[in-house]
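The values are calculated or read from the model by the stated rules, or taken from the named source; none is laboratory data. Just so we're clear, the structure is a prediction, and the values are computed from it rather than from any experiment. Here the Cβ positions follow ideal geometry from the backbone for every residue, glycine too, while neighbour counts run over all protein chains shown.
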Amino acid sequence: MNDTGIRTIGELPVEVPPGRDLWPAIAAGIVAERAASDASPTLAPAGIARPLRSARAPLALFAVTASVALVGLGMWLGRASLPGLNAAGAGAATGSTLLVAYQPGGRFVAERAALRR
Amino acid sequence: MPDSGSSMPMSSADTATVMDFDEALARRAGRGDARAFERLYREHVGRVHGLCLRMARDAAAAEDCTQEAFIRAWRALPRFEARSSFGTWLHRIAVNVVLERRRVPTREEPLPPDPDALGELSWVFDTPVELAEIETAVAALPDGARDALVLCALYGYTSVEAGEMLGLAAGTCKAQLHRARQLLASRLNRGIV
């Protein structure tokens, strides 16, 4: 058998490297895939993808929760600072409590005094 | 399955080690590790390109198909479940790419009516054949016969496995193999024992 002759099909080479390195083009295709699917930052051909997408999710959730909490706190503080109505009604002059938000007019005071007599 | 570029088959232990390594790299690559995928590319590009080259019969088309196969493999990596080896899975993708790129579906000659009656084939020539001569003869085969020959006789897939890759019944694939054998013997003017 001569050096270049083969006896079986199985002796044909199964590994035939391409004429050029295809990896740069494949890496570019991978980058395009990522950009199309989730708008992630570009991937260097031999680099490792940074999981920015997964890190952003907890931060966003925290921001939303904090905003809701602040709004709720502000509403509670606002309601607490408003003048409240006690069981005896709007008795602004009773006891030592003075409701600054409401000042009864002079006519009301005179008529009330007349009724009390 | 024959070892890459060598006529000596790997031991089952070597094969298992390679498959474990590939599987580990594939898992990492499936999580977005491009370096792991590059290693898989470096390891498998020769066989994938060889497969595409023999099926497509054109160097430029083979490079395009190889590139597309790896990009599709990256896309599909999260779904790789290691039911078959990574190489087999990759070859399936490459075969699909080549078949999709064929512009005109070839209409083959009628095949034997009872392909299941066909026995196992050997591919030993009664006299040595020049490498260039046999490459030319393989490239000249009709698409269906050449596909079956490349996958089974060269890359070591069974007719069932090759049939699945090519979208053919196992019997049809076997019949294509027999046809390839007859045509090769005729073109090379040699007996195949």
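Could you identify the single residue in B:44, B:49 that is within 30 Å of residue A:6 (Cα to Cα) and either among the β-branched types (Val, Ile, Thr) or free of Cβ contacts under 8 Å to residues at least 40 places away in the same chain (or both)?
Numbers: B:44 fails: either among the β-branched types (Val, Ile, Thr) or free of Cβ contacts under 8 Å to residues at least 40 places away in the same chain (or both).
It is B:49.
Provide a single number: the residues in the range B:160-193 that are small (Gly, Ala, Ser) and under 19 Å from residue B:89 (Cβ atoms).
Total meeting the criteria: 3.
Just need a number here: residues in the range B:52-78 that are over 23 Å from residue B:148 (Cβ atoms), facing another protein chain (nearest Cβ under 7 Å) and free of Cβ contacts under 8 Å to residues at least 24 places away in the same chain.
Qualifying residue count for the region: 4.
Do we find that residue B:43 is surrounded by fewer than 23 Cβ atoms within 10 Å (Cβ to Cβ), part of a helix (DSSP H, G or I), within 9 Å of another protein chain (Cβ to nearest Cβ) and among the acidic types (Asp, Glu) in this structure?
Judged against the criteria, residue B:43 is not a match.
Take residue B:129 and tell me if it is surrounded by 22 or more Cβ atoms within 10 Å (Cβ to Cβ) and either at pLDDT 95 or above or at the interface with chain A (Cβ under 9 Å from one of its Cβ atoms) (or both).
Details: surrounded by 22 or more Cβ atoms within 10 Å (Cβ to Cβ): yes; either at pLDDT 95 or above or at the interface with chain A (Cβ under 9 Å from one of its Cβ atoms) (or both): yes.
Yes.
Using the structure shown, decide if residue A:26 is modelled with pLDDT of 95 or more and within 7 Å of chain B (Cβ to nearest Cβ).
When the stated conditions are applied, residue A:26 passes them.
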